[in-house]
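In what follows, a structure is listed as structure tokens, so that the remarks can point back to it.
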Amino acid sequence: MKAAGYATAGDYDKKLVSLIERYELFKFDQDYTSPDEIIASEESVNSAYMINNDVKYVLALDNEPVAEIARRTFTSVSTLLNYNENLSNSDQRLPKDAKVYLQPKRTSYRGKQTWHYVKQGETMLDISNQYAIKLSNLYERNSMSEGSQPAPNERIKLRGGKSETPKLISDLHTNHTTEPELLLEEEEEVVAGAQNNKPVFTKPQKDTATTASTNNPENSLPAVIGGNNAEKPQQPTSEIATPVGNTPNVANKPTTTTKPEVVEPKPENTLENEDFFESETSLEKPVAAAIFHTVAKGDTLWNISQRYGTTVVAVKKLNNLNSDSIQLGMKLQVK
């Protein structure tokens, strides 16, 4: 047009190319059936580019595969997989309004915000997608190993130099988890201690004189029993009188000393000793309950497995999945 004399300015061609690129007018060169349908369709609305941290992105349609997003945005699948860490293959389906970046993410956040405070259930990948920061740079800036996840309410640095490592979810699990095996061992130690240190109870020894009197009423001391035949008690002497004749006398009968009987108490609950200790040591170890996760916006098998400290292969095996494709609202067993 410049060579034909239609241009009135010397830099007309540069201005024209600039307008074409700014408003992406090259899209209208595609062979569409009906321009009216393009304007009215939902696909056209969602194909409009948006900017986050100076990076172009589009929003996915409900349950839309990666290959379809690449087609409608005039990009290749390999490009989308390279720019988005949460994408793994062309058949992967995304929830509605998931961000799909069409350019490389930045190494840091270019806005004014320096810190992001972690919400419950939020992962490093979620933060990476929210601020259009490369996941590897986000890990490096916060002195974290790849795959680790920050604990809720911790802060993640978005720009500037390196920061100290925040508290991790794995730290919380380590500090507050008590192994069931340890509890069982402690319980067995208590039972064993009770068995080796049983308290001993003895029956009180009966008074010898009282026992003799009870067993032989006729030999009861007159001073104790009394009655018509009771004799007056004699004055104490320094010598013991020798009994005369065969007249029964309390002093004549030998006193039998009964050894105290040792009684070992039985455990409560009316169980025999052997049954009691057998039932205590044969306790079954508690079985951990299954843990489930409901697929939310932006979730992938990889970030779900990292969040719960497991692997993609383990999650797929638990849920009989043949591919990495998951859908919004799916309930997955993770442990």
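The values are calculated or read from the model by the stated rules, or taken from the named source; none is laboratory data. As the structure is a prediction and not an experimental result, all values here were calculated from the model. Note that we place each Cβ from the backbone using ideal geometry, even for glycine, and neighbour counts take in every protein chain shown.
A few remarks follow.
- Scanning region 87-110 for residues that are out of contact with any helix residue (DSSP H, G or I) (no Cβ under 6 Å at 6 or more places or on another chain) and outside any strand (DSSP E or B) yields a count of 12.
- Some residue of region 293-305 being farther than 18 Å from Asn84 by Cα, at pLDDT below 85, outside any loop (DSSP other than H, G, I, E, B) and of a type in the set (Val, Ile, Thr): no
- The set of residues in region 109-133 being touching a residue at least 40 places away in the same chain (Cβ under 8 Å) and of a type in the set (Lys, Arg) consists of Arg110 alone.
- Near pairs, Cβ below 8 angstrom, 6+ apart or cross-chain, from region 9-29 (charged (D, E, K, R)) to any residue that is at pLDDT 80 or above and surrounded by 11 or more Cβ atoms within 10 Å (Cβ to Cβ): Glu24/Tyr49; Lys27/Phe74
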